[in-house]
1. Would a scan of the stretch B:568-577 turn up a residue that is in a loop (DSSP other than H, G, I, E, B) and either farther than 25 Å from residue B:47 by Cβ or within 14 Å of chain A (Cβ to nearest Cβ) (or both)?
2. Kindly check whether there is at least one residue in the stretch B:185-195 that is under 24 Å from residue B:84 (Cα atoms) and outside any loop (DSSP other than H, G, I, E, B).
3. Only residues that are over 18 Å from residue B:589 (Cβ atoms), touching a residue at least 40 places away in the same chain (Cβ under 8 Å) and in a loop (DSSP other than H, G, I, E, B): list them for the stretch A:66-117, please.
4. Between B:127, B:137, B:144, which is crowded, with 24+ Cβ neighbours inside 10 Å and touching a residue at least 24 places away in the same chain (Cβ under 8 Å)?
5. Quick one: how many residues across the stretch A:118-127 are within 14 Å of another protein chain (Cβ to nearest Cβ), in contact (Cβ under 8 Å) with a residue 60 or more places away in the chain and either in a helix (DSSP H, G or I) or more than 18 Å from residue A:90 (Cβ to Cβ) (or both)?
6. I'd like to check something: does the stretch A:19-37 contain any residue that is within 12 Å of another protein chain (Cβ to nearest Cβ), in contact with a helix residue (DSSP H, G or I) (Cβ under 9 Å, 6 or more places away or on another chain) and at pLDDT 95 or above?
7. Go through (1) surrounded by fewer than 22 Cβ atoms within 10 Å (Cβ to Cβ); (2) at the interface with chain B (Cβ under 8 Å from one of its Cβ atoms); (3) under 12 Å from the mean Cα position of the chain (by Cα) one by one and return the number of the condition residue A:130 breaks.
8. Could you tell me whether the stretch B:269-276 includes any residue that is assigned to a loop (DSSP other than H, G, I, E, B) and surrounded by fewer than 24 Cβ atoms within 10 Å (Cβ to Cβ)?
């Protein structure tokens, strides 16, 4: 019995370690790591102009009724959170008149477009369409020193 | 309709609970609000946002802790991220609008426990409303016996509730409802298949501000969609009406666009008063109940930035109008902006102030504005306290436009926020940043207040770069006023830049000759919450690389120099600024800027247009409108308190999200509370109540 407890305990410690390692690995990814592609952002731009621009503005600068999706205020709002949080906010509540009507792909594309306008770098792989995967990418407004 | 009494599931219990606290009021013949309560949206109908409470003061503000909090996610079929309400607290109950349903909730003001909830399911009409979400609040009325709550639904119905139960009052209107789309001296209509036809569902009109109750009259204005890119020069008109609080009967109406034969009709050339719409009163109305006078802050006519289809001065667009409380008859008016072209809607409650000027007592009204002027009048006669001379302004050259050659500009007090853009206003942390800013600004037409919009051209100008227009200066939260010291406190956005360019409107988009837009870009109709973005949407845009987006910022920093947002104290006896401070932590984007590394930059304040202030016996209190993450606090915003005599900060407490509705205060059972609405970005709406730790803790 003691042996079993020891084994279970060891397994728990190892698995906890693995989880921690995974989190550590995940925690190293951010919007500065090229997490979307230029092509995806272009697709997102088309969706944005059809579904979002009437409230958030042609330039993403917002209006009386909707906040800006670029600039210091927007970035501060999301700084320290994850792309999963931002994706879920879009998925659950936007467009305001008919929330949850865009496909996951469309939401991911719009998010890619927003990142591109906010001058985060494009990369070689597209954004995930799953919130749980996007939660592994931090939204960081400050460019890490090693990305300079 | 749904109304639920939730406390203990027993209606009798709730009625009893509320009635107990009513006993003092019933004993008196007429309900008299106490200064420990907050019985009206702005504390009173004078627009002061003032309560003479001092338990929470400079010595203990930092000790504030959360007494209770209530998320509003469940008060509607989706969460709301734009909670703008200010609750009421009267007779021991706190009332507020909440959630995307614009439900009304009654709470225990000491614990936040839900007493009852009321909501209206409006279907298509609610979904098509121009002003949705929870709105800014409600109104309370009592004769010492009955207690009633009034609010307006997104679909523009005035609802009268029994304050004890949350049930509609059957004797008011039709089963507790007055349909505000009816009996409005016009047929509310909409564009359907190219025809302007009566339509109660989609006919554009609504309101998001709180009703005002004065004596036995409830007064309702009107609001519309954003007016930068309207489909048509024709729209419904934003008349103001007074209703009997007992029966819902319409007592009077004031035509904000005069009918033929009425004063001001002649200011609309070529019959333009017949078809022009908007010109509503979408913000808070103030009332002097002793004088029996109502002060109406009127917005812009159709459309915000192009007035070529409405030649003339356009009364009562952007005018402050005083009408009789009993009849709605105009007593006086003063147009702050002739022939409006800048979206300088009069955006906040007129402040009624009994002041002393040159040794003489004066009943005054002070009107804050987007353009950073505080216009001060004798509120009986309408005569300016200090001269407001007509001064020549630039006349533009947009084809078909009509220009007023002069505009009224107050001689006192001085402007309390920026209302134009010059090179000197541009960012100047370093010479290089200034040069980059000048390069961006060179694409635009610059000038002082009332510099008119331009046609947008690819070769330049792209438009007029303005401040103190659509979102500048003081917006809907308005100011505060201390009746003891005669000082007004005004938050202002001091950096809210608005580029105003005009493009020819494609016929399939609008029948106006020009609407807001930028040369070389697809015309984009700007819509408010609730408008179906799918219907009649413009053709798909031409593809263009993201690099073509011109951003009005330099290296991620604001284009103009700080302070980005301010609070100003103005002595109304003298018409002079007493102090001005930057309000709000320096934004992350500035504090973390690589370009500014090593520089010592004083607090800049924040670029936010919707901050409201609260004044108590000793403090001015206001939250921040942006999230920051600093060494002193995790990501969030601070509710700050300033010594009202000096502007010196004396305390701050943490909020998880920006202030999105103006703070209020009350005292009950010996404890003072401050309640503020927070929301935005990832954080859905929440009311948070702060109080001091209990003795012994």
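The values are calculated or read from the model by the stated rules, or taken from the named source; none is laboratory data. Quick caveat: nothing in here was measured; it's all calculated off a predicted structure. Note: ideal-geometry Cβ built from the backbone for every residue, glycine included; neighbour counts use all protein chains shown.
1. Looking only at the stretch B:568-577, we keep the residues that are in a loop (DSSP other than H, G, I, E, B), and these are B:572-575.
Next, from what is left, pick out any that are either farther than 25 Å from residue B:47 by Cβ or within 14 Å of chain A (Cβ to nearest Cβ) (or both): none.
No, there is no match, as no residue in the stretch B:568-577 is in a loop (DSSP other than H, G, I, E, B) and either farther than 25 Å from residue B:47 by Cβ or within 14 Å of chain A (Cβ to nearest Cβ) (or both).
2. Step one: of the stretch B:185-195, the residues under 24 Å from residue B:84 (Cα atoms) are none.
No, the stretch B:185-195 contains no residue that is under 24 Å from residue B:84 (Cα atoms) and outside any loop (DSSP other than H, G, I, E, B).
3. Within the stretch A:66-117, A:94, A:95, A:96, A:102 qualify.
4. Values: B:127 fails: crowded, with 24+ Cβ neighbours inside 10 Å; B:144 fails: crowded, with 24+ Cβ neighbours inside 10 Å.
The unique qualifying residue is B:137.
5. 2
6. Here is the first cut: in the stretch A:19-37, the ones within 12 Å of another protein chain (Cβ to nearest Cβ) are A:36.
This time we only want the ones that are in contact with a helix residue (DSSP H, G or I) (Cβ under 9 Å, 6 or more places away or on another chain), so: A:36.
Restricting the remaining residues to those that are at pLDDT 95 or above gives A:36.
So far as the stretch A:19-37 goes, yes, one or more of its residues are within 12 Å of another protein chain (Cβ to nearest Cβ), in contact with a helix residue (DSSP H, G or I) (Cβ under 9 Å, 6 or more places away or on another chain) and at pLDDT 95 or above.
7. The single condition residue A:130 does not satisfy is (2).
8. Residues of the stretch B:269-276 that are assigned to a loop (DSSP other than H, G, I, E, B), as a first pass: none.
The answer is no, given that none of the residues of the stretch B:269-276 is assigned to a loop (DSSP other than H, G, I, E, B) and surrounded by fewer than 24 Cβ atoms within 10 Å (Cβ to Cβ).
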